[in-house]
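Q: Just dropping this structure here.
What follows draws every value from the coordinates through simple rules; no lab data is involved. As the structure is a prediction and not an experimental result, all values here were calculated from the model. Cβ coordinates were reconstructed from backbone atoms using ideal geometry, including for glycine residues, and neighbour counts include every protein chain displayed.
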């Protein structure tokens, strides 16, 4: 896989999305820690993580690799040249995510008391205390 430890499939990169591609984990974490509501920061940080590639189906790993290569080509050349390749790679990634058993993967990679309700990580409150025995805060 061509992505490094700073990019890949991320869990809870945003409060309202279970899994998405993360281009720069450290940059996103910095945004969380410096720009998000202070009451949300600790919970966001606790839940945001990159999924180990070995837990992903080969088709998704291939789609991530193709997406990464296409993005590199896109930003290092003229968008009109690499744009169609990126669009195809993004579509393949989106299709691979759609086929992923997200609930099963979520159970493997996330905190056992994760408050994700299918819409948000803030379903039980914004404090990291919600991770303690499924409590509310």
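Q: Pop a pseudo-label 7 angstrom from the Cα along the beta-carbon direction at both residue 34 and residue 106 and give the gap in nm to one decimal.
A: Distance between the two pseudo-spin positions: 3.1 nm.
Q: Given the options 127, 76, 91, which has the most mean-square fluctuation in a GNM of the chain, springs set between C-alpha atoms less than 10 angstrom apart?
A: Looking only at 127, 76, 91, the largest GNM fluctuation is found for 76.
Q: Counting helices only, and only those DSSP H runs with n ≥ 4, report the 222 nm mean residue ellipticity of the chain as the sum of -39,500 (n - 2.57) divided by its residues, in deg cm²/dmol to the nearest 500.
A: That comes out to -16000 deg cm²/dmol.
Q: Can you tell me how much longer the chain between residue 85 and residue 46 gets when fully stretched, taken as 0.36 nm per residue apart minus their C-alpha distance, in nm with one decimal?
A: 10.5 nm
Q: To test your reading of the geometry: what angle, between 0 and 90 degrees and rounded to tens, separates the Cα axis of helix 79-99 from the longest principal axis of the chain?
A: Roughly 50 degrees, rounded to the nearest 10.
Q: Among (1) 37, 31, 28; (2) 50, 31, 23; (3) 86, 33, 26, which is the computed Cα extents along the principal axes in Å?
A: Of the labelled values, this structure produces (2).
Q: Return the whole-Å distance between the Cα centroid of the range 82-116 and the Cα centroid of the range 1-65.
A: Centre-to-centre distance over Cα atoms comes out at 11 Å.
Q: Could you state the per residue volume, in Å³, of the convex hull enclosing the Cα atoms of the range 1-67?
A: Taking only Cα atoms, the range 1-67 has a hull volume of 80 Å³ per residue.
Q: What is the gain in length, in nm to one decimal, between residue 99 and residue 78 on full extension, counting 0.36 nm per residue of separation less the C-alpha to C-alpha distance?
A: The residue 99-residue 78 span can extend by a further 4.4 nm.
Q: Run the quick spin-label model on residue 69 and residue 54: label points 7 Å from Cα toward the beta carbon, then report their separation in nm to one decimal.
A: About 2.4 nm separates the two model spin labels.
Q: Same structure, new question: Rounded to the nearest 10 degrees, what's the angle between the helix 58-76 long axis and the longest principal axis of the chain, both from Cα atoms, 0 to 90?
A: 70 degrees
Q: Something else: If you fit an axis through the alpha-carbon atoms of helix 25-35 and take the longest principal axis of the Cα set of the chain, what angle between them do you get, 0 to 90°, nearest 10?
A: So the inclination is approximately 40 degrees.
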